[in-house]
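Beneath this line is the structure, given in structure tokens, with notes to follow.
Any read-out appearing in this document is the output of simple, stated calculations on the displayed coordinates, not a laboratory observation. These numbers come from a predicted model, not from an experiment. Positions of Cβ are generated from backbone atoms using ideal geometry, with glycine treated the same way; all protein chains shown enter the neighbour counts.
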Amino acid sequence: MNKRKEEQLKRILQAIKSGEIVSGGKLPTERELEKHFGMSRLHIRECLNILEAYGVLEIRERQGIFVESHDVSGAFRSLDDFQSAWPVGLYDEISEVRSLVEVPAARFAAQRRNEQDLEHLHEALTMLRRVIALAPPDRGLQGAKWNSIFHNLIATAAHNMVLLRIYESVIALSQSTLNSLILGDIARRPQDIWPDQIIDEHEKLADAIFRQDAETAGKIMKLHLERTYTRYKLSYTVNLERKDNG
């Protein structure tokens, strides 16, 4: 995290701690925060996502931004915490946890899937193939949606309720962080840049699950998540360059 972004996050944290921007347990809207701090909407949203991930805030759809804890010093013990909390650093940690959860989920899915699971996976793959024909940014937006559905179906096909709940918690944090990495809906997503590669990986993963080859399913999922990590980091760089040049 660069110095300017670090200072932006500190300013918002201090304003929450002092009560400067808190009224009735809530923060103002993103637009109002943008004006108050003189920061871009993008950076405001990034900061809010990080504070939500660390339990300082709760962002409720159509209700507002609520303060969960004023103990800012407890949420961030040092400058290192600030750095690891920024979306790129946080995504590194999320990727590690996703591998711990989704690789065994793929193995279980191959062993335990039923006909309904296979039907749903087939439908999701069909939609992913159709999405390739779309032009950016629709291809990226729709691709991300069906990619998420596909992975959720694999976790569901593992038929382990505890594992599914852990997956849902991890993926919720992952989506929030990825939204920050994408830098807005009009930016290029991995599905925009590498559609054929992503489809190929999903098809191979589904095939292993269909064949009940648990070992191969686990290996393909591990490789897929590693490549997903690389693609998102690369697309983040691409979007930063486009933003700077735009």
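Here are a few things to note about the model shown:
- If the chain linking GLU32 and GLN212 were pulled fully straight, counting 0.36 nm for each residue of separation and taking away their Cα-Cα distance, it would gain 59.5 nm.
- Amide H within-cut-off set for TRP194, under 5 Å, with H built and near neighbours excluded: none
- Order by protection proxy (mean Cβ within 10 Å, highest first), peptides 117-128, 198-209, 55-66: 198-209, 117-128, 55-66
- Summed side-chain charge close to ALA214 - residues other than ALA214 whose Cβ falls under 11 Å, Lys, Arg +1, Asp, Glu -1: +3
- Across the stretch 198-213, computed HN-Hα scalar couplings (Karplus, 6.51 cos²θ - 1.76 cosθ + 1.60, θ = phi - 60°) run 5, 4, 4, 5, 5, 5, 5, 5, 4, 4, 5, 5, 4, 7, 6, 9 Hz from first to last residue, x flagging Gly and Pro.
- Packing order of peptides 155-162, 42-49, highest average first: 42-49, 155-162 (average count of other Cβ atoms within 10 Å over each peptide's residues).
- In sequence order, the stretch 31-40 has phi-based couplings of 4, 5, 5, 4, 5, 4, 9, x, 10, 6 Hz under the Karplus curve 6.51 cos²θ - 1.76 cosθ + 1.60, θ = phi - 60°, and Gly or Pro positions carry x.
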